[in-house]
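Asks: Before we start, here is the structure in question, set down as structure tokens.
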Amino acid sequence: MIEALLFDLDDTLYLESDFVASGYRAVARFIGARRGMGHEEILYTMMRTFTAHGRRAVLPRVIDRYLDASVTVADLVEIYRNHGPRIRLLPGYGPLLRRLGRRHRLGILTDGLPEVQERKVTALGLGKIVDDVVYTWKQGPERQKPDPAGFLALLERFGTDPARALYVGDNPDKDCAGAHRAGMKFVQVAGRQVRPGPTREGGAAEFVIENLHQLPGVLALLEGAAGERTRAARRSGPRRTRDAATQRTSAERRLMEAVV
Ligand SMILES: [Mg+2]
């Protein structure tokens, strides 16, 4: 029985690109107000610069083009980080999480500046849906994933054994490796941008799904396998346990083939 479902935040429950666009819109509005012009052209410049030259080029570029030296990159970074983000959970994830929350404890484990991540959690309405959130950087950036400390802290708050929990995320080297270090199985959400693959440590996700709507299938399979194992143990006593474990493994493999 899986008691707890723990989730990564960025690019697992919502698209981080939406947060970036939301932050750039806040910066563009600030510059527009200062210059007495609409923010759309400024935002367009920012998004084009982002696409062509990457994140680091964006703020220096708009300062160069629209502002004077009285405004620094640090000033704009402050506006970006402190803005109230306009972001949404991916389609259908709110009702899905509420349904999952009837049978499981739900938690979020996320890296990044805690005050920024807290604003995202609030904007997404997750405070009312999940039971608890761990912000790894509150214990210092060195405690970020794949350090197991945050995973274990969340499990301890829930009183859940790692074997009775799943971690769901997108990043193999942070999410998968961290879950495994904490003794949990990992479900990778691998969409268009993220492909499934081994971690640098050589581990791999136990399950790969395209989106969260496939998670109930993973849970049904794990619970079905656990039921099979119990029935097999009852039928034949403890010596059959190994057979049941083999059945579970092959059932898990079938699911992976079905959803990858
Ligand atoms: Mg992520």
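The values are calculated or read from the model by the stated rules, or taken from the named source; none is laboratory data. Just so it is clear, the model here is predicted, and its values are computed rather than measured. Cβ placement follows ideal geometry from the backbone for every residue including glycine, while neighbour counts extend to all protein chains displayed.
Asks: Go through segment 165-175 and give me each residue that's more than 18 Å from V133 (Cα to Cα) and either more than 13 Å from the ligand (Cβ to nearest atom) or part of a helix (DSSP H, G or I) (or both).
Replies: Hits for segment 165-175 are P172, D173.
Asks: Does K120 meet the test of being surrounded by 18 or more Cβ atoms within 10 Å (Cβ to Cβ) and outside any helix (DSSP H, G or I)?
Replies: It is false that K120 is surrounded by 18 or more Cβ atoms within 10 Å (Cβ to Cβ) and outside any helix (DSSP H, G or I).
Asks: When residues of segment 70-100 are filtered for being of a type in the set (S, T, Y) and in contact (Cβ under 8 Å) with a residue 60 or more places away in the chain, how many remain?
Replies: 1
Asks: Next question, about the same structure. Looking only at residues that are within 16 Å of the ligand (Cβ to nearest atom) and of a type in the set (D, E, K, R) in segment 1-54, which one is farthest from L222 (Cα to Cα)?
Replies: Only one residue tops the list, namely D18.
Asks: Something else: Can we say F186 is under 13 Å from F7 (Cβ atoms) and either away from the ligand (no atom under 15 Å from the Cβ) or in a helix (DSSP H, G or I) (or both)?
Replies: no
Asks: Before we move on, is D10 assigned by TED's automatic domain parsing to the domain that holds A165 and of a type outside the set (S, T, Y)?
Replies: Yes, satisfied.
Asks: In the set Y80, Y66, Y93, which member is among the aromatic types (F, W, Y) and closer than 25 Å to L5 by Cα?
Replies: Y93
Asks: May I pose another question? Give K174, K138 a once-over and let me know the one that is crowded, with 18+ Cβ neighbours inside 10 Å and charged (D, E, K, R).
Replies: K174
Asks: A follow-up question, please. So, in segment 46-75, of the ones that are of a type in the set (S, T, Y) and under 16 Å from S17 (Cα atoms), which residue ends up modelled with the lowest pLDDT?
Replies: Looking at residues that are of a type in the set (S, T, Y) and under 16 Å from S17 (Cα atoms), I get T51.
Asks: Then there's this: Name the residue, out of T160, T199, that is out of contact with any strand residue (DSSP E or B) (no Cβ under 7 Å at 6 or more places or on another chain) and of a type in the set (V, I, T).
Replies: T199
Asks: Scan segment 95-110 and tell me whether some residue there is under 30 Å from I31 (Cβ atoms), within 16 Å of the ligand (Cβ to nearest atom), surrounded by 18 or more Cβ atoms within 10 Å (Cβ to Cβ) and at pLDDT 95 or above.
Replies: Within segment 95-110, one or more residues are under 30 Å from I31 (Cβ atoms), within 16 Å of the ligand (Cβ to nearest atom), surrounded by 18 or more Cβ atoms within 10 Å (Cβ to Cβ) and at pLDDT 95 or above.
Asks: Answer with yes or no whether L100 is in the same structural domain as Y135 (by TED's automatic domain parsing), not in a loop (DSSP other than H, G, I, E, B) and not acidic (D, E).
Replies: So L100 passes the test.
Asks: Further, regarding this structure: Looking for whichever is within 30 Å of H213 (Cβ to Cβ) and either exposed (fewer than 13 other Cβ atoms within 10 Å of the Cβ) or not β-branched (V, I, T) (or both) here; the options are S17, S70. Which one fits?
Replies: That would be S17, the only listed residue that is within 30 Å of H213 (Cβ to Cβ) and either exposed (fewer than 13 other Cβ atoms within 10 Å of the Cβ) or not β-branched (V, I, T) (or both).
Asks: Residues in segment 123-133: is at least one basic (K, R), touching a Gly at 6+ places or on another chain (Cβ under 9 Å), on the phi < 0 side of the Ramachandran plot and free of Cβ contacts under 8 Å to residues at least 60 places away in the same chain?
Replies: Within segment 123-133 (the criterion being basic (K, R), touching a Gly at 6+ places or on another chain (Cβ under 9 Å), on the phi < 0 side of the Ramachandran plot and free of Cβ contacts under 8 Å to residues at least 60 places away in the same chain), the answer is no, since none of the residues qualifies.
Asks: Which numbered condition in (1) of a type outside the set (S, T, Y); (2) within 13 Å of the chain's Cα centre (by Cα); (3) more than 19 Å from L13 (Cα to Cα) is the only one that P141 fails?
Replies: (2)
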